[in-house]
Amino acid sequence: MPNFIILLGPPGAGKGTQAGLISESFGLSHISSGNIFRENMKGKTELGKMAEGYLQRGELVPDDVTIAMIRERLLRDDCAKGALLDGFPRTVAQAKALDEMLSSIDGRIVAVPYIKVAEDVLINRLSGRWTCRAEGHVFHEKHNPPKGVGVCDFDGSELYQRDDDKEEAIKERLTIYKKDTEPLIKYYKEKGILKQISCDKLDSPPEENVEKLLKVIGVKNV
Ligand code: ADP
């Protein structure tokens, strides 16, 4: 039976970095909806052109587009054993659509780890974040600076500030998160699969959270 883990948390919680490390531990594919949108934008596909404005403004891409994209992605071979979902679902409608998709492939949600982070910490993290053009590696100008200014430590590519990491878009993303995504906390709590961890230190290394996350997910469960 395919096993799915849904990583839930506000923008700036460090989901991307942690999701990479956790999916490796469980041997699951890491499916990041944000990365899929950005790859499509880079490749100038129809989906990318459609999503671009929403991403730049920090708004959500409409549910029907996002759900269709994830459905197609989860049916590929590398998700046959399951996946770690990072950035999806982000609305209750998406969560319900996911439940339907999983029941059609006999999949199950093992756990929904939720990373709780205070708002001032999120704003500080996002506004200081720099992302590498090639692979999406992330740095923070104060708490996790790259060795060379403006250059990725891992692949030497240019670092840039995402449009949605600019101040106006950050505010918009946090407002939307509260309105559309926070209801998922209740949704999964009621199903008995929400596992909360807190992470309010600005400079805590991602590895520290990964340990906490692996513990709440329970390695035996996957
Ligand atoms: P973050 O978690 O830092 O906001 P992501 O990379 O997860 O960044 O998402 C970036 C953007 O991609 C979002 O602001 C939104 O525009 C779009 N997006 C990603 N996932 C979804 C989703 N599940 N539903 C709608 N839009 C999404």
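Just so it is clear, none of the values below were taken in a lab; they were calculated from the coordinates. Quick caveat: nothing in here was measured; it's all calculated off a predicted structure. Don't worry about glycine lacking a Cβ; one is built from the backbone with ideal geometry, like all the others, and counts go over all protein chains shown.
Cross-linked pairs 116/171; 178/212; 116/142: Cα-Cα separations exceed 19 Å for 178/212; 116/142. Extension gain for residue 93 to residue 215 (0.36 nm times residue separation, less C-alpha to C-alpha distance): 41.0 nm.
Across the stretch 8-20, computed HN-Hα scalar couplings (Karplus, 6.51 cos²θ - 1.76 cosθ + 1.60, θ = phi - 60°) run 10, x, x, x, x, 7, x, 4, x, 4, 5, 4, x Hz from first to last residue, x flagging Gly and Pro.
When you restrict to C-alpha pairs under 8 Å that are six or more residues apart and normalise by the size of the chain, the relative contact order lands at 30 percent.
The distance linking the stretch 148-222 with the stretch 72-101 is 18 Å (Cα centroid to Cα centroid, whole angstrom). According to the Cα-based calculation, Rg over Rh for the stretch 86-141 is 1.12, with Rh computed by the Kirkwood formula.
Length available on full extension from residue 124 to residue 101: 0.36 nm per residue minus the Cα-Cα distance, which gives 4.6 nm. Taking packing as the residue-averaged number of other Cβ atoms within 10 angstrom, the listed peptides 134-140, 87-93 run from highest to lowest as 87-93, 134-140.
Residue 193 sits among other residues whose Cβ lies under 13 Å from its own Cβ, and their net charge, with Lys and Arg +1 and Asp and Glu -1, is +3. Volume per residue of the convex hull around the Cα atoms, evaluated for the chain, comes out as 118 Å³.
Computed 3J(HN,Hα) for the stretch 54-63, one whole-Hz value per residue from the Karplus formula 6.51 cos²θ - 1.76 cosθ + 1.60 where θ = phi - 60°, is 5, 5, 4, 7, x, 8, 7, 5, x, 3, glycine and proline marked x.
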